[in-house]
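The values are calculated or read from the model by the stated rules, or taken from the named source; none is laboratory data. These numbers come from a predicted model, not from an experiment. Positions of Cβ are generated from backbone atoms using ideal geometry, with glycine treated the same way; all protein chains shown enter the neighbour counts. Side chains are part of the model used for accessible areas, which takes the heavy atoms of the whole protein and leaves out ligands, DNA and RNA. Shrake-Rupley method; radii C 1.70, N 1.55, O 1.52, S 1.80 Å.
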Amino acid sequence: QIITLPLSLGTEPFGALIICSHEAAALGQDRLRVLGSAANHLALAMRNSLEFRKTKARADHDGLTRISNRQHFDMRLREEMKRHQRHQDELSLMMIDLDYFKSINDTYGHQAGDMVLREVGKVLQKTLRESDFPARYGGEEFVVILPQTREDQAWILAERLRALIGKTLFRFQKKRFRVTASIGIAGLKPGALTPPECLVHNADQALYLAKTNGRNMVCCSAIEENHAAN
């Protein structure tokens, strides 16, 4: 009652087409050849789809850290802000910059710097929620989109990330060292019609404050606005 046909291109099968029918045993050679031809067409279509998915994943992800790249972040941020406006949800953005990163490259070499970036990418992937969206923004900067997250909630998460990065002991060619991070946060309240560029700018300004106030700290745009108002 079962007919099994391999889905393959060349000699390597990557799946199977399984047909269950009460007439399976009675099928003639002509019908079996038709099923075989259909399986070949299906195999070609599925392999093309798989290759396209792999190619798209490579295009959307940073080759070094394996998290999303700047282009993918820009697209995702626009989508999240549209969702934020449609559903009246909170939304926060986190910008992370590794402190004195140039000195790491100068002292230990660019391979050590690349290793640090990869490890920080892993910290982000392990720590963040599935709904959060981390990306490499460029150089030693990372960004994280935090849907349905208030700015004060984002601050708690940012402090946890800052502590984790600071406690990580990096090893390269028998040398050990630590790295700290400065983090800026900006949030949107439900109903806000702020464009993506303004949210990024606000998070970047908060990051600038964190770096100019001593580094290895978290600053929020709303908190700084309140201080300025007072």
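Across the range 116-125, computed HN-Hα scalar couplings (Karplus, 6.51 cos²θ - 1.76 cosθ + 1.60, θ = phi - 60°) run 4, 4, 4, 5, 5, x, 5, 4, 4, 5 Hz from first to last residue, x flagging Gly and Pro. Within the straight-line cut-off of under 29 Å between alpha carbons, the lysines reachable from K174 are K102, K122, K126, sequence neighbours fewer than 8 places apart in one chain being disregarded.
About its Cα centre, the range 1-149 has a charge dipole of approximately 480 debye under the convention of +1 per Lys or Arg Cβ and -1 per Asp or Glu Cβ, with nothing else charged. Please label the shape of the range 99-145 as rounded, prolate or oblate, based on the square roots a ≥ b ≥ c of the eigenvalues of the alpha-carbon gyration tensor (a/c under 1.5 means rounded; beyond that, a/b larger than b/c means prolate, else oblate). It comes out prolate by the Cα gyration axes. Across the range 158-166, coupling constants 3J(HN,Hα) worked out from phi with the 6.51/-1.76/1.60 Karplus curve, θ = phi - 60°, read 4, 5, 5, 5, 4, 5, 5, 5, x Hz, and Gly and Pro carry x. Database remark: amide H of I67 closer than 5 angstrom to the amide H of D62 (H placed geometrically; neighbours at sequence offset of 5 or more, or on other chains; Pro and chain starts carry no H).
By accessible area, using a 1.4 Å probe on protein heavy atoms only, the range 153-207 has 54% of its surface on carbon and sulfur.
Once the range 176-224 is represented by equal point scatterers at the alpha-carbon sites, with solvent omitted, what log10 I(q)/I(0) does the Debye formula produce at q = 0.13, 0.28 Å⁻¹? Log10 I(q)/I(0), no solvent term: -0.34, -0.97. Considering all C-alpha pairs of the chain, those separated by over 25 Å amount to 54%. Over the Cα atoms of the range 62-190, the radius of gyration divided by the Kirkwood radius equals 1.00; this is the Rg/Rh ratio.
Connecting C-alpha atoms closer than 10 Å in a GNM of the chain, tell me which of F14, F170, F101 has the biggest fluctuation. Looking only at F14, F170, F101, the largest GNM fluctuation is found for F14. Comparing D106, D74, D114 in a Gaussian network model of the chain, where Cα atoms under 10 Å apart are tied by springs, the biggest mean-square fluctuation is seen for D106.
Once backbone amide H atoms are built at 1.01 Å from N, L9 has F14 as its partners under 5 Å, excluding neighbours fewer than 5 places away on the same chain.
Candidates M115, M75, I2 compared by Cα position along the dipole of the range 1-129: farthest toward the positive end lies I2, with charges placed on Cβ. Full extension of the chain segment joining E197 with E159 gains 11.2 nm, where the gain is 0.36 nm per residue of separation less the Cα-Cα distance. Mean sequence separation of contacting Cα pairs (under 8 Å, at least six apart), scaled by the length of the chain, corresponds to a relative contact order of 19 percent. In angstrom, the C-alpha Rg and Dmax of the range 52-113 are 16.4, 49. The phi-based Karplus calculation (6.51 cos²θ - 1.76 cosθ + 1.60; θ = phi - 60°) puts the 3J(HN,Hα) values of the range 72-82 at 5, 4, 4, 5, 5, 4, 4, 5, 5, 6, 5 Hz, whole numbers, x for Gly and Pro.
At a probe radius of 1.4 angstrom, the accessible area of the range 123-216 per residue rounds to 53 square angstrom. Helical runs assigned H by DSSP (4 residues or longer) give the chain a calculated mean residue ellipticity at 222 nm of -17500 deg cm²/dmol, each run adding -39500 (n - 2.57) before division by the residue total.
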